[in-house]
Amino acid sequence: MPLHDIGVGLVLLARAPPEVRDEQLGRLDPPAAAELGRRLAQVQQVGIAVFDGDHPAPVSSIAAPARNHENRVVAALSIVVPARVRPRPYEQVVRATALAISRGTGLSRS
């Protein structure tokens, strides 16, 4: 499964080194690469990914990055809810959990 087909993959890809992003974008046709580039920029800006999928079942994934003591993204976490459930109420929970994990790895509170 390509990274960009899941919420945690979008988070990791959005914060990956440019050469990793370029490699993934290069595997897509130009319109799809442009759309994914816009999506990754949005994930970078808002700090969270919401991915709506329909395979194997209609679901939404809400994902956020976990950072290490150097503030580098080293992991991502997500929750998956049925597509009929609005994901917005879960965004703060996912952000807070990712922050708690990050602080557990030594990320400072500043």
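Every number in this text was worked out from the coordinates using simple rules, so none of it is lab data. Please read all numbers here as calculations on a predicted model, not as lab measurements. As a convention, Cβ positions derive from the backbone with ideal geometry for all residues, glycine included, and neighbour counts pool all protein chains shown.
A few points about this structure:
- Taking every DSSP helix (H) stretch of at least 4 residues in the chain, weighting each as -39,500 (n - 2.57) and dividing the sum by the residue count yields a mean residue ellipticity at 222 nm of -14500 deg cm²/dmol.
- For the chain, there are no membrane-span-like helices by this rule, meaning no whole DSSP H stretch whose C-alpha atoms cover at least 20 Å of axis and whose Kyte-Doolittle mean is 0.0 or above; this says nothing about an actual membrane.
- The H on the amide N of V59, modeled in the peptide plane, is under 5 Å from the matching H of G53, D54, A83, each at least 5 residues off or on a different chain.
- Dipole in debye (nearest 20) - the chain, about Cα centre, beta carbon charges: Lys, Arg +1; Asp, Glu -1: 560
- Amide hydrogen proximity for T105: with H placed 1.01 Å from N in the peptide plane, no residue at 5 or more positions away or on another chain lies under 5 Å.
- The phi torsions of segment 51-60, fed into the Karplus equation with coefficients 6.51, -1.76 and 1.60 and a -60° offset, translate into couplings of 10, 9, x, 10, 10, x, 9, x, 9, 10 Hz, rounded to whole numbers, with Gly and Pro shown as x.
- Taking label points 7 Å from Cα along the Cα-to-Cβ direction, A41 and L28 give a separation of 1.3 nm.
- Straightening the chain between S108 and D5 buys 33.9 nm, computed as 0.36 nm per residue apart minus the Cα-Cα spacing.
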